[in-house]
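Heads up, the thing below is written out as structure tokens.
Only the coordinates and a few stated rules stand behind these numbers; no lab work does. Computed from a predicted structure; not experimentally measured. Ideal geometry is used to build each Cβ from the backbone, glycine not excepted, and the neighbour counts take in all protein chains shown.
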Amino acid sequence: MRRAVCPGSFDPVTYGHIDIVGRAAKQYDEVVVAVLNNISKRGLFSVEEKLDMLSEGTGDFGNVSVAEFDGLLVDFCRDNGIDTIVRSLRSVSDFDYELQIAQMNYRLSGVETVFMTANPQYSFLSSSLVREIAQHSGDVSSLVTPYVQKRLREKYAERSAGQ
């Protein structure tokens, strides 16, 4: 069985992420979308919220599951019988950054990294851009699922009420 992982912080998950996961799901028997639980970094959404949004966004793919991990991705891969990491490339700067990580992951564990180029429709898209637009009540409906859009509105309403 060919298993792959699509790792990330997904804060929040975007249509760009979902596109890569869906394309990976066509290439592998099983795809695990793994959310990094980085305790030193405070995101907008908790890991549990990210897992929920990812489950909703990838629910149509029958061979995709979501999970969280902390520590090294290669350890997660070893512990879960995964031998391929799928990463998205939006630009040359993404490649420079991702290549170093891919080479280190291979050196540490022999896990291969496969790069998928971003769909041109989403090549500009990032979670930080979505957060910035949503924070200022901008329209993110073409960038995230309706469920994520709702969660963004709720999150920023909570933050406004708390100030």
Margin query: At R0 = 30 Å, how high is the FRET efficiency between residue 63 and residue 96 if r is their beta carbon distance? Nearest 0.05 is fine.
Written below: 0.45
Check: How many angstrom lie between the C-alpha centres of region 7-49 and region 54-114?
Finding: 10 Å
Notebook entry, point to check: What is region 54-163's relative contact order, in percent, from Cα pairs under 8 angstrom and six or more apart in sequence?
Noted result: 21 percent
Check: Cα atoms only, the chain: Rg and Dmax in Å?
Finding: 15.8, 50
Margin query: With equal scatterers on the alpha carbons only and no solvent term, can you work out the Debye log10 of I(q)/I(0) for region 43-102 at 0.20 1/Å?
Written below: -1.09
Check: Quick one: length gained pulling residue 142 to residue 103 fully straight, 0.36 nm per residue minus the C-alpha distance?
Finding: 10.6 nm
Next item on the list: May I ask you to compute the full-extension gain from residue 161 to residue 55, defined as 0.36 nm times their residue separation minus their alpha-carbon distance, rounded to one decimal in nm?
Entry: 35.4 nm
Check: What are the ³J(HN,Hα) values, in whole Hz, obtained from phi via the Karplus relation 6.51 cos²θ - 1.76 cosθ + 1.60 with θ = phi - 60°, for each residue of region 35-48 in sequence order, with x given for Gly and Pro?
Finding: 9, 6, 9, 9, 5, 8, 10, 9, x, 5, 10, 6, 4, 4
Check: Can you run phi through the Karplus equation (6.51, -1.76, 1.60; θ = phi - 60°) for region 23-31 and list ³J(HN,Hα) in whole Hz, with x for Gly and Pro?
Finding: 5, 5, 4, 7, 9, 10, 5, 9, 10
